[in-house]
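Peer 1: One structure, pasted below without further comment.
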Amino acid sequence: MFENLTDRLSRTLRTISGRGRLTEDNVKDTLREVRMALLEADVALPVVRDFISHIKESVIGQEINKSLTPGQELVKIVKSALIVAMGEINSELNLATQPPAVILMAGLQGTGKTTSVAKLGKFLKEKHKKSVLVVSADIYRPAAIKQLETVANSAGIHFFPSDIQEKPADIVARALRQAKLKFYDVLIVDTAGRLHVDDDMMDEIRQIHHSCNPIETLFVVDAMTGQDAANTAKAFNEALPLTGIILTKMDGDARGGAALSIRHLTGKPIKFLGVGEKIEALEPFHPDRIASRILGMGDVLSLIEDIESKVDRAQAQKLANKFKKGDEFDLTDFFSQLTQIRHIGGMTGMMSKMPGAAQLPGNVTSQMNDNLLMRMESIINSMTQKERTQPEIIKGSRKRRIAAGSGTQVQDINRLLKQFDDMRRMMKKIKSGGLAKIMRGMKGIMPPGFSGR
């Protein structure tokens, strides 16, 4: 996400150097570039104006912190402006009410609303230990009710059946009675996609809102529509008392206009980001972390949270014990590591949160894709157990058999074996006390200020 904006801003902010003071003259060109970067990212013009004004007020005549270069000082100011534009703090869901807390989901068709219902239910169940019931009040879209049932089952949350012959408000009233009867903590209501200019449909959702009195009314919007997403949310907010926004399809949004515009135009906080198709691909929205990502600084806190919640601790402990005993790192262990990477968002997800990733050469980042990860897993799956534990026996005829079995080429097998060999050597260095040397070797690709200590 934000690839285009990150690239443009990173290049622009590297242009100021060697100055002892930030003045109107020496930041004028830089701010012009920042303005163009934001407009190209489809950020709404009023937001761009306020953003540039905020930076100017912070910059002009400011003495540079002795520990920072002018460029670093400007990056700090731009980051602060990004955080202000996106809402400054993480706005958590408000569930402080007599159970069940009702969450009403609204939005246009095709924004990923039904999937977001299941994702949010899974998030509340796993992160907040809540019992969750979901219901569909969409009686118009073919198979909408069945779709919610399917994704709810995938998420491991409870589904309340509804029927297209019922009125949406009656469906929700029945579901609310069931949620109270069965002592659910949360009821999430999925509604039909609608346009804010459709008076009948807007009347219907107001009736639903009245029938269940939700503590949260979330607007689900596609981030890839840019500032149009913010304008649509603004129009909905005038008809319905929204409490927050879920931005979906952020993994496909290279610009970032919606994320930067929506708070300013609606006054409502972004509460979650949909970052993929998988049922667990929902992230709480932290403006400070997103600002760091936009500026190519990574998002280490979110990466740590991903690792803590999604890594198989038993598997990790098993590998650690093996490592302690001095056993050789083999392809089975390598396969386990690949699987763990996929569980925490794959290479693409990890790289988006790694500091300095934006500065890596294009030929490196192009190889960091999840298709490569799946190909490597397929190759190892095509090996015998003996080949996994003794990779040195994998020669010509074995390579050809493995390639045929995994649908790859012999050169793919060679590449994987080399990568495995590099990792095994690194493991040996760590074991022999060479971690500091490895970290020093990584300094060249890490951002300024990374010490390796």
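Peer 1: Report whether or not L31 is part of a helix (DSSP H, G or I), at negative phi and modelled with pLDDT under 85. Step through it out loud before you land on a result.
Peer 2: Values: part of a helix (DSSP H, G or I): yes; at negative phi: yes; modelled with pLDDT under 85: yes.
Here the answer is yes, as L31 does meet what is asked.
Peer 1: Just to check your reading of the model, which residue among E149, E216 is within 22 Å of T97 (Cα to Cα), of a type in the set (D, E) and either out of contact with any Lys or Arg (no Cβ under 7 Å at 6 or more places or on another chain) or at pLDDT 95 or above (or both)?
Peer 2: Among E149, E216, only E216 is within 22 Å of T97 (Cα to Cα), of a type in the set (D, E) and either out of contact with any Lys or Arg (no Cβ under 7 Å at 6 or more places or on another chain) or at pLDDT 95 or above (or both).
Peer 1: Please go through region 197-220 and give me each residue that is surrounded by fewer than 20 Cβ atoms within 10 Å (Cβ to Cβ) and either in contact (Cβ under 8 Å) with a residue 60 or more places away in the chain or not in a helix (DSSP H, G or I) (or both), ordered by number.
Peer 2: Across region 197-220, the qualifying residues are V197, D198, N213, I215.
Peer 1: Being of a type in the set (A, V, I, L, M), open to solvent by 20 Å² or more (accessible area, probe 1.4 Å), touching a residue at least 24 places away in the same chain (Cβ under 8 Å) and not in a loop (DSSP other than H, G, I, E, B) is true for just one of A179, A173, A229, A233. Which residue is that?
Peer 2: A173
Peer 1: How many residues does region 276-299 hold that are at pLDDT 85 or above and among the β-branched types (V, I, T)?
Peer 2: Selection size over region 276-299: 1.
Peer 1: Within region 143-166, count every residue that is out of contact with any Asp or Glu (no Cβ under 6 Å at 6 or more places or on another chain) and touching a residue at least 40 places away in the same chain (Cβ under 8 Å). Even if it seems obvious, please write down each step before you answer.
Peer 2: To start, the set of residues in region 143-166 that are out of contact with any Asp or Glu (no Cβ under 6 Å at 6 or more places or on another chain) comprises 143, 145-147, 149-158, 160-166.
Checking the rest, the ones that are also touching a residue at least 40 places away in the same chain (Cβ under 8 Å) come to 151, 154-155.
Residues that pass the stated criteria total 3.
Peer 1: If you don't mind, there's one more thing I want to ask. So Y140 passes all but one of these: (1) hydroxyl-bearing (S, T, Y); (2) free of Cβ contacts under 8 Å to residues at least 60 places away in the same chain; (3) open to solvent by less than 40 Å² (accessible area, probe 1.4 Å). Which condition number does it fail?
Peer 2: Unmet condition: (3).
Peer 1: Whether any residue in region 238-252 is in contact (Cβ under 8 Å) with a residue 40 or more places away in the chain, closer than 19 Å to K119 by Cα, of a type in the set (S, T, N, Q) and not in a helix (DSSP H, G or I) is what I want to check.
Peer 2: Yes, region 238-252 has at least one match.
Peer 1: While we're here: Residues that are surrounded by 15 or more Cβ atoms within 10 Å (Cβ to Cβ), part of a strand (DSSP E or B) and at positive phi: does region 87-103 have at least one?
Peer 2: No.
Peer 1: Could you list all residues from region 35-50 that are closer than 13 Å to G256 by Cβ and either assigned to a helix (DSSP H, G or I) or open to solvent by 10 Å² or more (accessible area, probe 1.4 Å) (or both)?
Peer 2: A37, L38, L39, E40, D42, V47, V48
Peer 1: List the helices (runs of 4 or more DSSP H) that sit entirely inside region 382-453 and contain at least 1 residues that are at pLDDT 85 or above and open to solvent by less than 60 Å² (accessible area, probe 1.4 Å).
Peer 2: Numbers: elements: 385-389, 396-406, 410-431, 435-442.
Ranges flagged: 385-389, 396-406, 410-431.
Peer 1: Going residue by residue through region 258-271, is there one that turns out to be modelled with pLDDT of 85 or more, within 23 Å of K125 (Cβ to Cβ) and touching a helix residue (DSSP H, G or I) at 6+ places or on another chain (Cβ under 9 Å)?
Peer 2: yes
Peer 1: Could you list, in sequence order, all residues of region 236-279 that are of a type in the set (S, T, N, Q) and open to solvent by 30 Å² or more (accessible area, probe 1.4 Å)?
Peer 2: Of everything in region 236-279, those that are of a type in the set (S, T, N, Q) and open to solvent by 30 Å² or more (accessible area, probe 1.4 Å) turn out to be N237, T243.
Peer 1: Are any residues in region 57-82 open to solvent by 30 Å² or more (accessible area, probe 1.4 Å) and modelled with pLDDT of 80 or more, and if so, which ones?
Peer 2: K79, S80
Peer 1: Oh, and also: Restricting attention to region 140-147, does a residue exist that is farther than 20 Å from K278 by Cα, among the aromatic types (F, W, Y) and either in a loop (DSSP other than H, G, I, E, B) or within 28 Å of the chain's Cα centre (by Cα) (or both)?
Peer 2: Scanning region 140-147 turns up at least one residue that is farther than 20 Å from K278 by Cα, among the aromatic types (F, W, Y) and either in a loop (DSSP other than H, G, I, E, B) or within 28 Å of the chain's Cα centre (by Cα) (or both).
The values are calculated or read from the model by the stated rules, or taken from the named source; none is laboratory data. Just so we're clear, the structure is a prediction, and the values are computed from it rather than from any experiment. Glycine also receives a Cβ, built like all others from the backbone with ideal geometry; neighbour counts cover every protein chain displayed. When the accessible area is computed, the model is the full protein with side chains, heavy atoms only, and any ligands, DNA or RNA have been set aside. Shrake-Rupley method; radii C 1.70, N 1.55, O 1.52, S 1.80 Å.
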